[in-house]
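A short write-up of the structure that comes next.
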Amino acid sequence: MEVSGRTKLCALIGDPVEHSLSPMMHNAAFKHLNLDFIYLAFRVEKHNLKAAIEGVRALKIHGLNVTKPLKVDVAALLDELDFSARNMGAVNTVLNQNGRLIGYNTDGVGALSAIQEAGVELEELKTVILGAGGASRAVAHSLANKVGELVILNRTISKAERLASELKKLYQSEVRYGGLDSQTVASELSDADLVINATSVGMKPNENASPINSELIRPDMVIFDLVYNPLETLLLRKAKEAGAKTISGLSMLLHQGAASFKIWTGVDAPLDVMRVALKKALGEYP
Ligand code: ATR
């Protein structure tokens, strides 16, 4: 599809955005379905967020992805928030519906789809989430009323405590919390079914680090690492070696993108095309 006077613009805003894989993923999908859309990334510093959103209104930009550090602050500048964005207090997707800016959060749904795609049934699972930052919040909100038991462990315990108490209030579910020290991790993991790494430990350039001791991984566990760069983190490699089921961060990235794509276009996302585009961008394919 040629870019024309009718082409709709979707854009990522955040700081930094240079290394984002979303432009490759979404442009490949638009092209594949012959949709008259284009996706660009704009670096927007925090102090320029208000002006940027006014610009979205003035330029009638069709849709946004929002990334760090703007996900929380952008919520107050929109006209409406859907259920997930309201509960999480963070927005990663915006739709401009005839001038009304509606905020969504597809991170949580992306994590759920990644788990479902791996054939994992959540209902009875004791789930341990490592980390209590932005990514952890999205995952924890989407899992809080779907798993058997939820435990949040974080290096800074007060952040885990705050998240756990927020989840308890919103979803009336039992959520425990603790530190990320080796003793607590060993004891919580001893009967955990699903372990989700939502810390940045293991991310390039620190790919030789893992958030947990690999001896704690059992073959009947599911290990989900939200880190997607490298594609196979040390944690995932050790989990595979131990015979555990693994879910990669790329899967969550793909599914959150697919959910945003559907919001902007009304069309189901071409998952396979987007997956290949992501892997290509990460250097997995030539
Ligand atoms: P994101 O949006 O990717 O979640 P974030 O909000 O900055 O990023 O959160 C990063 C998470 O990784 C936090 O849980 C952080 O722990 P703290 O709250 O104690 O800072 C965790 N994290 C980062 N580096 C870590 C490290 N070296 N060891 C343990 N946890 C780490």
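Only one of V139, V120 is buried (at least 22 other Cβ atoms within 10 Å of the Cβ) and closer than 24 Å to L231 by Cα. Can you tell me which?
Of the residues listed, the single one that is buried (at least 22 other Cβ atoms within 10 Å of the Cβ) and closer than 24 Å to L231 by Cα is V139.
Among the residues of the range 255-263, is any over 28 Å from A192 (Cβ atoms), without any contact (Cβ under 8 Å) to a residue 24 or more places away in the chain and of a type in the set (A, V, I, L, M, F, W, C)?
no
Give the residue, chosen from G133, G108, that is surrounded by fewer than 24 Cβ atoms within 10 Å (Cβ to Cβ) and small (G, A, S). Even if it seems obvious, please write down each step before you answer.
Details: G108 fails: surrounded by fewer than 24 Cβ atoms within 10 Å (Cβ to Cβ).
Unique residue meeting the criteria: G133.
Could you tell me how many of the residues in the range 168-182 are away from the ligand (no atom under 15 Å from the Cβ), on the phi < 0 side of the Ramachandran plot and either in contact (Cβ under 8 Å) with a residue 12 or more places away in the chain or of a type in the set (S, T, N, Q) (or both)?
Initial filter on the range 168-182 (away from the ligand (no atom under 15 Å from the Cβ)): 168-176.
Add one more test, that the residue is on the phi < 0 side of the Ramachandran plot, and what stays is 168-171, 173-176.
Filter again for either in contact (Cβ under 8 Å) with a residue 12 or more places away in the chain or of a type in the set (S, T, N, Q) (or both), leaving 170-171, 173-176.
Number satisfying all stated conditions: 6.
Restricting to the range 148-167, what's the tally of residues that are part of a loop (DSSP other than H, G, I, E, B), under 22 Å from I115 (Cβ atoms) and within 16 Å of the ligand (Cβ to nearest atom)?
Total satisfying the criteria: 1.
Could you list, in sequence order, the residues of the range 2-37 that are part of a loop (DSSP other than H, G, I, E, B), surrounded by 12 or more Cβ atoms within 10 Å (Cβ to Cβ) and of a type in the set (G, A, S)?
S20, the sole residue that qualifies.
Out of all the residues in the range 178-186, is one or more surrounded by fewer than 16 Cβ atoms within 10 Å (Cβ to Cβ) and modelled with pLDDT under 95?
no
Being under 16 Å from the mean Cα position of the chain (by Cα), surrounded by fewer than 20 Cβ atoms within 10 Å (Cβ to Cβ) and hydrophobic (A, V, I, L, M, F, W, C) narrows it down to one residue among M252, M203; which is it?
Answer to the check: M203.
Failed condition for T156, given (1) more than 14 Å from Q256 (Cα to Cα); (2) in contact (Cβ under 8 Å) with a residue 60 or more places away in the chain, with all others met?
(2)
Which of the residues spanning the range 124-148 are modelled with pLDDT under 95 and in contact with a Lys or Arg (Cβ under 7 Å, 6 or more places away or on another chain)?
G134, G148
Of the conditions (1) under 20 Å from the mean Cα position of the chain (by Cα); (2) surrounded by fewer than 17 Cβ atoms within 10 Å (Cβ to Cβ); (3) touching a residue at least 40 places away in the same chain (Cβ under 8 Å), D191 fails just one. Which one is it?
Going through the list (1) under 20 Å from the mean Cα position of the chain (by Cα); (2) surrounded by fewer than 17 Cβ atoms within 10 Å (Cβ to Cβ); (3) touching a residue at least 40 places away in the same chain (Cβ under 8 Å), D191 breaks only (1).
Can you say whether A28 is in contact with a helix residue (DSSP H, G or I) (Cβ under 6 Å, 6 or more places away or on another chain), among the small types (G, A, S), modelled with pLDDT of 95 or more and under 19 Å from A269 (Cβ atoms), as far as the supplied structure shows?
Yes.
Within the range 39-51, can one find any residue that is buried (at least 20 other Cβ atoms within 10 Å of the Cβ), under 24 Å from the mean Cα position of the chain (by Cα) and under 15 Å from N96 (Cβ atoms)?
Yes, the range 39-51 contains a residue that is buried (at least 20 other Cβ atoms within 10 Å of the Cβ), under 24 Å from the mean Cα position of the chain (by Cα) and under 15 Å from N96 (Cβ atoms).
So which residues in the range 205-216 are polar (S, T, N, Q), more than 10 Å from the ligand (Cβ to nearest atom) and either within 12 Å of V227 (Cβ to Cβ) or in contact (Cβ under 8 Å) with a residue 40 or more places away in the chain (or both), if there are any at all?
Scanning the range 205-216 gives a single hit, S210.
In this structure, does G202 turn out to be at positive phi and either within 12 Å of the ligand (Cβ to nearest atom) or among the charged types (D, E, K, R) (or both)? Break it down stepwise before answering.
Details: at positive phi: yes; either within 12 Å of the ligand (Cβ to nearest atom) or among the charged types (D, E, K, R) (or both): yes.
Spelling it out, G202 is indeed at positive phi and either within 12 Å of the ligand (Cβ to nearest atom) or among the charged types (D, E, K, R) (or both).
The values are calculated or read from the model by the stated rules, or taken from the named source; none is laboratory data. No experiment lies behind these values; they were computed from the predicted model shown. Note: ideal-geometry Cβ built from the backbone for every residue, glycine included; neighbour counts use all protein chains shown.
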